[in-house]
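The values are calculated or read from the model by the stated rules, or taken from the named source; none is laboratory data. In this text the structure is predicted, and so the values were computed from the model without any measurement. Here the Cβ positions follow ideal geometry from the backbone for every residue, glycine too, while neighbour counts run over all protein chains shown.
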């Protein structure tokens, strides 16, 4: 009897340890949410002269968060519960929380607080400099900030190289870090490794480059043979309809209407304007998305908002009761990106979607669209042309932009590419891969905010997101009996519900690769993405 009592007491004690662990994690999450809110404000409403003070605020919060997250008590509590009955079921919320917290704790305890604060300060300042450098196309003014960030990211990678060796859990993936890029990539896509991505992306490139050329040629033939009469009695190509005048106040109304229709809850989120669109989850009930408007570029704001709405829907689909724990957090940036690309491209560029929304668009933008047909508009939003700007790229060539960045940032980190040579290397890659060359650095290596924010290892998650999205959408379409009829009626709840059930609600219960395979019954493969492009553009342009 006494052994049974002792066992029961021990189990109760382990449960108490688990609850104490969750309390510490919750406090760290609240600190992180404060940083997220300050970061959102920095990119939206903060006056320029507040940059230095904001960098100090963020550095302090980063240090406090690091101190909270590396509290030795977390290690003690993890030690206490890892072999207990609490995590006996490896699919249970408790087991998933402990597994992921161990992974994060091992990473964070490898990083000295001084480095964490230095990175927060350097990236906060660099993002402000990036805004002005991009506006003036002046890479020289941004260069020293990028050099500082790369130096600090190398230090971070060096600290993290042996983080996996600290693990005491056999359930944490043990694939070693073998390159300076691996530990940085692992932060955004747990379990992903540079060598595997190189192989995956080589297969994608091999199939994508000739397909993109074939589609581009078909688009050119289609445009030359089927141009239409536009404003002021001039002949326009289908794509040029998107560069007519779209009043910004009407764009705002239209995108908010569409965002709400596909499921974004404005009671728990908001939409604002920034230089570089993003989504940030401040906390339960507070998801912020941003966009930028151009009176002559309908696609910028519209598809930018759909993209960020996809991120926002994922954040709003996480379990609010598990905020602060791995079960209340997105599994990876690649999976996060799959949600944004799915809503932006698989939904937002489909014929069925515009069957419902185009008549409403004509009402909102009567001058721009009064002489445009649904078929012409659908062709316009699926126009394929090699371009300079990633966020304006079509879904066919988009991943080529990512492959360029993937190659360049690895070379920057290893030192094979000096920062001073980045502009020329960037231009050479664009000439070789897409056949276009930037006229200045704003169109080139200064166009993205990521490196100024220290987000090395982030870019490949965009392509992973596209590949995940293709698999997820195909499976949802099959499971739901075909989505086109629902989209044509303006009904999107079925797809959102499927994503909530198969992706959002799980948080970090599974690894990214396991989550995708569980949802789609197939492992990650670039071929469903290629097949989706061939199917869509085959129907549009007869290839």
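Laid out as a table, the results:
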quantity: Given (1) at negative phi; (2) assigned to a loop (DSSP other than H, G, I, E, B), number of the condition residue 465 does not satisfy; calculated: (2)
quantity: Number of the exception - residue 126 against (1) in contact with a helix residue (DSSP H, G or I) (Cβ under 6 Å, 6 or more places away or on another chain); (2) within 25 Å of residue 292 (Cβ to Cβ); (3) surrounded by fewer than 20 Cβ atoms within 10 Å (Cβ to Cβ); calculated: (3)
quantity: Contacts under 8 angstrom Cβ, first residue in segment 232-260 being surrounded by fewer than 12 Cβ atoms within 10 Å (Cβ to Cβ), partner assigned to a strand (DSSP E or B) and at pLDDT below 95, 6 or more apart; calculated: 235/228; 235/229
quantity: Index of the failed condition, residue 41 passing every other in (1) free of Cβ contacts under 8 Å to residues at least 60 places away in the same chain; (2) in a helix (DSSP H, G or I); (3) more than 24 Å from the chain's Cα centre (by Cα); (4) surrounded by fewer than 17 Cβ atoms within 10 Å (Cβ to Cβ); calculated: (3)
quantity: Exclusive hit being part of a helix (DSSP H, G or I), farther than 30 Å from residue 115 by Cα, without any contact (Cβ under 8 Å) to a residue 24 or more places away in the chain and not assigned by TED's automatic domain parsing to the domain that holds residue 139, set 498, 426; calculated: 498
quantity: Selection status of residue 292, in contact with a strand residue (DSSP E or B) (Cβ under 9 Å, 6 or more places away or on another chain), free of Cβ contacts under 8 Å to residues at least 24 places away in the same chain and surrounded by fewer than 24 Cβ atoms within 10 Å (Cβ to Cβ); calculated: yes
quantity: Qualifying position, being touching a residue at least 12 places away in the same chain (Cβ under 8 Å), in the same structural domain as residue 498 (by TED's automatic domain parsing) and outside any helix (DSSP H, G or I), among 282, 305; calculated: 282
quantity: Scan of segment 501-543 for residues that are assigned to a helix (DSSP H, G or I) and over 26 Å from residue 315 (Cβ atoms), ordered by number; calculated: 527, 530, 531, 533, 534, 535, 536, 537, 538, 539, 540, 541
quantity: Qualifying position, being more than 17 Å from the chain's Cα centre (by Cα), without any contact (Cβ under 8 Å) to a residue 60 or more places away in the chain and in the same structural domain as residue 278 (by TED's automatic domain parsing), among 420, 393, 411; calculated: 411
quantity: Flag if residue 79 is assigned to a loop (DSSP other than H, G, I, E, B) and at pLDDT below 95; calculated: no
quantity: Hits in segment 429-455 (condition: in a loop (DSSP other than H, G, I, E, B), on the phi < 0 side of the Ramachandran plot and touching a helix residue (DSSP H, G or I) at 6+ places or on another chain (Cβ under 7 Å)); calculated: 434, 436, 437, 438, 441, 442, 444, 445, 446, 447, 448, 449
quantity: Only listed residue being more than 24 Å from the chain's Cα centre (by Cα) and either assigned by TED's automatic domain parsing to the domain that holds residue 289 or in contact (Cβ under 8 Å) with a residue 60 or more places away in the chain (or both), chosen from 21, 125, 115; calculated: 21
quantity: Which numbered condition residue 135 misses (of (1) part of a helix (DSSP H, G or I); (2) over 16 Å from residue 453 (Cα atoms); (3) at pLDDT 90 or above; (4) in contact with a helix residue (DSSP H, G or I) (Cβ under 9 Å, 6 or more places away or on another chain)); calculated: (4)
